[in-house]
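Every number in this text was worked out from the coordinates using simple rules, so none of it is lab data. Since the model is a prediction, treat every value here as computed from it, not as a measurement. Every residue, glycine among them, receives a Cβ derived from its backbone with ideal geometry; neighbour counts consider all protein chains shown.
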Amino acid sequence: MTIISAGQTYYVYAPNSAIDFGVYGLIVVYAGGVTNYTQVYSGGEDFVASGGVDYYTTVASNGYSNVGQIGFAEDTVLNNGGKQDVTGATLYTNIYFGGRQYVESGGQSSTPYVYSGGIETVSAGGQGNNGHVYPGGVQYVYGTTQLDVIFGSQYVESGGAALGTIVEGGGLLDLYGGY
């Protein structure tokens with residue numbers, strides 16, 4: 001594993017890739033750049049710029065992932081204080097205990113899995129599709145979600161829309177001014 005220490009910055013440009021990096025500083029993935037199996041730890045940040053791609057990133061111990069506009073991240077794991085902000089697009093994000101995903105305006109989260117102790121927030125202008133929220137997991141909707149399956153809790157806030165949600169046994173759908 002290659003370590004990026006606190007205070008250091010590593011840039012990934014096209015057509016290069018970075019494999020198996022441990023990040024305590026900052027890694028920036030530019031258009032055409034790709035990372036695989038990055039691990040982001042306390043104080044570390046993984047920034048996926050426009051056209052950059054992340055695969056199999058783990059964000060833990062208060063690490064931070066920022067998927068910028070037209071950036072893409074697939075199969076990310078968020079746990080133990082790991083946080084991700086999305087204004088680009090994500091696919092198959094796994095949000096475990098202590099993990100947080102924030103889908104900001106213009107961002108899209110497809111097929112996220114929210115487990116016990118994990119939280120996904122879809123902000124106004126953000127989109128979520130085909131989410132799975134398991135017992136103990138929570139999803140807050142201020143934007144729009146479609147075709148979610150809820151075993152845990154989904155809270156649709158004022159201005160939010162949850163379209164085609166399926167609530168399974170033990171699941172909770174709460175409408176706070178949304179629909």
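The figures follow:
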{"read-out": "Gln127 being polar (S, T, N, Q) and closer than 24 Å to Val59 by Cβ", "value": "yes"}
{"read-out": "Scope the range 70-127; condition outside any strand (DSSP E or B), buried (at least 21 other Cβ atoms within 10 Å of the Cβ) and not polar (S, T, N, Q); matching residues", "value": "Gly71, Gly82, Gly88, Gly99, Gly107, Pro112, Gly118, Gly126"}
{"read-out": "Among the candidates Gly169, Gly136, residue that is part of a loop (DSSP other than H, G, I, E, B) and at positive phi", "value": "Gly136"}
{"read-out": "Listing of strands (runs of 3 or more DSSP E) fully contained in the range 1-59 that carry 1 or more residues being over 16 Å from the mean Cα position of the chain (by Cα)", "value": "2-4, 9-12, 17-19, 21-23, 26-29, 34-36"}
{"read-out": "Identity of the residue in the range 142-157, of a type in the set (A, V, I, L, M, F, W, C) and within 15 Å of Tyr113 (Cα to Cα), that ends up surrounded by the fewest Cβ atoms within 10 Å (Cβ to Cβ)", "value": "Leu147"}
{"read-out": "Residue among Gly160, Gly169, Gly136, Gly177 that is small (Gly, Ala, Ser) and either surrounded by 17 or more Cβ atoms within 10 Å (Cβ to Cβ) or touching a Leu at 6+ places or on another chain (Cβ under 7 Å) (or both)", "value": "Gly160"}
{"read-out": "Test: residue in the range 20-40 that is under 25 Å from Tyr142 (Cβ atoms) and either touching a residue at least 12 places away in the same chain (Cβ under 8 Å) or surrounded by fewer than 20 Cβ atoms within 10 Å (Cβ to Cβ) (or both)", "value": "no"}
{"read-out": "Selection count, the range 60-69, where residues are under 21 Å from Gly137 (Cα atoms) and assigned to a strand (DSSP E or B)", "value": "2"}
{"read-out": "Lone unmet requirement of (1) buried (at least 16 other Cβ atoms within 10 Å of the Cβ); (2) more than 23 Å from Thr87 (Cβ to Cβ) for Gly43", "value": "(2)"}
